[in-house]
Amino acid sequence: MFESFVIVDWSAANQPKTGADSIWICCKRPIGEVLFNPATRHAAGELLAELLAEIVAAGERVLLGCDFPFGYPSGFATRLGLTGPEWRAVWDEIARLIEDDPRNRNNRFAVAAALNRRVAQGPAPFWGCPAAHIGPYLGRKHHRRHDEIGLAERRVIDTYVPSTQPCWKLLGTGSVGGQALTGIPVVRRLRDDPRWCGATAVWPFETGLRAPVSQRLVMAEVYPSLWRVSPGPNEPKDAAQVRDVARFLAARDAAGELLPLFGADPNLTPAQRSTIETEEAWTFGVVSPRPIRIAAASG
């Protein structure tokens, strides 16, 4: 299905950072495999654009996997008063609001507070911030108000993989909320790059929960912690994850076994499938509740 795989471990760091807990990218192509550790999101976005340009120019089909949520629980777009396809409306609104400079300085906490004000006139659904950002529309700790405000804490996919953190969480261990707010503008920009936008699809929003048929660039949400990896001596876990996941997917593809990973759980209800395909997204490779961690490929 694919000749190339690019797997990205993202970071919402507020300053340039390399090594552990920073951005790692593995690009696995027929010509070889390369690991990158860009210090900033700005540099990572430029690097990804360069890699995709080379891959597309070579006539290769590529799967780009990013380790942050591509969507939010059902109803978020409506509560924000957005129109059009829900997933795309949210992507456009986040890209409009987020400011993220070349030194990783960004306004994600201010954006979360502004979104909370619009959704609930209070410090929900997002939570978690440094003391300097605490205010009437964003708190430091979990607000426990999701039922009250009528927006779920977790997406359908998050109930399948309980080890994931809610996309509303902005601070602390596993705070993927900051990664989503800073990552979505980057994948949106890549999705719309005029060099390949006509042959690009975001799974499952633009493909449904099925394998893409003809697009040369397919983007998907991944969760590298689904895989058991073996870091080398002094190697950051993040580096091992993107490398081993890229190798696993390439090996499955070579064996003709990648197709089922696009299908999700066959027991999803029609309503769940509709929500996933229009708003919430799905994590590539999850085909059953509480999946067992997968042994990654080596070599």
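The values are calculated or read from the model by the stated rules, or taken from the named source; none is laboratory data. Owing to the predicted nature of the structure, the values given are computational and were not obtained by experimental measurement. Because the Cβ atoms are built from the backbone with ideal geometry, glycine has one as well, and the counts that use them run over all protein chains shown.
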Determine whether the stretch 2-18 contains at least one residue that is touching a strand residue (DSSP E or B) at 6+ places or on another chain (Cβ under 9 Å), in a strand (DSSP E or B) and either modelled with pLDDT under 95 or over 27 Å from Ser163 (Cα atoms) (or both). yes
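Considering only residues that are in a helix (DSSP H, G or I) and in contact with an Asp or Glu (Cβ under 6 Å, 6 or more places away or on another chain), look in the stretch 271-290 and name the one that is surrounded by the fewest Cβ atoms within 10 Å (Cβ to Cβ). So that I can check it myself, show each step before the final result.
Applying the first criterion (in a helix (DSSP H, G or I)) to the stretch 271-290 yields 271-280.
Among the residues that remain, those that are also in contact with an Asp or Glu (Cβ under 6 Å, 6 or more places away or on another chain) are: 278-279.
Numbers: Thr278: 18, Glu279: 23.
Within the stretch 271-290, the match that is surrounded by the fewest Cβ atoms within 10 Å (Cβ to Cβ) is Thr278.
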Pair list, Cβ < 6 Å and 6+ apart or interchain, from the stretch 186-199 residues that are within 18 Å of Ala58 (Cα to Cα) to residues that are crowded, with 19+ Cβ neighbours inside 10 Å and among the β-branched types (Val, Ile, Thr): Trp196/Val56
All conditions in (1) crowded, with 19+ Cβ neighbours inside 10 Å; (2) more than 22 Å from Ile98 (Cα to Cα); (3) modelled with pLDDT of 95 or more are true of Arg195 except (1)
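Return yes or no: is Leu170 surrounded by 22 or more Cβ atoms within 10 Å (Cβ to Cβ) and more than 30 Å from Ile25 (Cα to Cα)?
Numbers: surrounded by 22 or more Cβ atoms within 10 Å (Cβ to Cβ): yes; more than 30 Å from Ile25 (Cα to Cα): no.
So Leu170 does not fit the description; no.
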Report yes if some residue within the stretch 137-145 is at pLDDT 95 or above and touching an Asp or Glu at 6+ places or on another chain (Cβ under 7 Å); otherwise report no. no
Hey, can you tell me all the residues within the stretch 195-209 that are within 17 Å of the chain's Cα centre (by Cα) and not in a loop (DSSP other than H, G, I, E, B)? Thr200, Ala201, Val202
Among the numbered conditions (1) modelled with pLDDT under 95; (2) buried (at least 18 other Cβ atoms within 10 Å of the Cβ), tell me where Asp21 comes up short. (2)
State whether one or more residues within the stretch 55-63 are over 28 Å from Pro260 (Cβ atoms), hydrophobic (A, V, I, L, M, F, W, C) and touching a residue at least 24 places away in the same chain (Cβ under 8 Å). no
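With respect to Leu268, is the statement that it is part of a loop (DSSP other than H, G, I, E, B), in the same structural domain as Pro30 (by TED's automatic domain parsing), modelled with pLDDT of 90 or more and in contact with a Lys or Arg (Cβ under 7 Å, 6 or more places away or on another chain) true?
Values: part of a loop (DSSP other than H, G, I, E, B): yes; in the same structural domain as Pro30 (by TED's automatic domain parsing): yes; modelled with pLDDT of 90 or more: yes; in contact with a Lys or Arg (Cβ under 7 Å, 6 or more places away or on another chain): no.
So Leu268 fails the test.
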Counting only residues that are in contact (Cβ under 8 Å) with a residue 60 or more places away in the chain and either in a helix (DSSP H, G or I) or under 16 Å from Asp193 (Cβ atoms) (or both), the stretch 22-47 contains a total of 4
Selection within the stretch 87-144 - within 20 Å of Gln165 (Cα to Cα), charged (D, E, K, R) and surrounded by fewer than 20 Cβ atoms within 10 Å (Cβ to Cβ): Arg140, Lys141, Arg144
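From Glu50, Glu54, Glu60, grab the single residue that is farther than 22 Å from Trp10 by Cα, assigned by TED's automatic domain parsing to the domain that holds Arg29 and either in a helix (DSSP H, G or I) or out of contact with any helix residue (DSSP H, G or I) (no Cβ under 7 Å at 6 or more places or on another chain) (or both).
The unique qualifying residue is Glu60.
Collect the residues in the stretch 243-265 that are in contact (Cβ under 8 Å) with a residue 60 or more places away in the chain and in a loop (DSSP other than H, G, I, E, B), keeping them in residue-number order.
Residues of the stretch 243-265 that are in contact (Cβ under 8 Å) with a residue 60 or more places away in the chain, as a first pass: 243, 245-247, 249-250, 253, 258-259, 264-265.
Leu258, Ala264, Asp265, listed by residue number.
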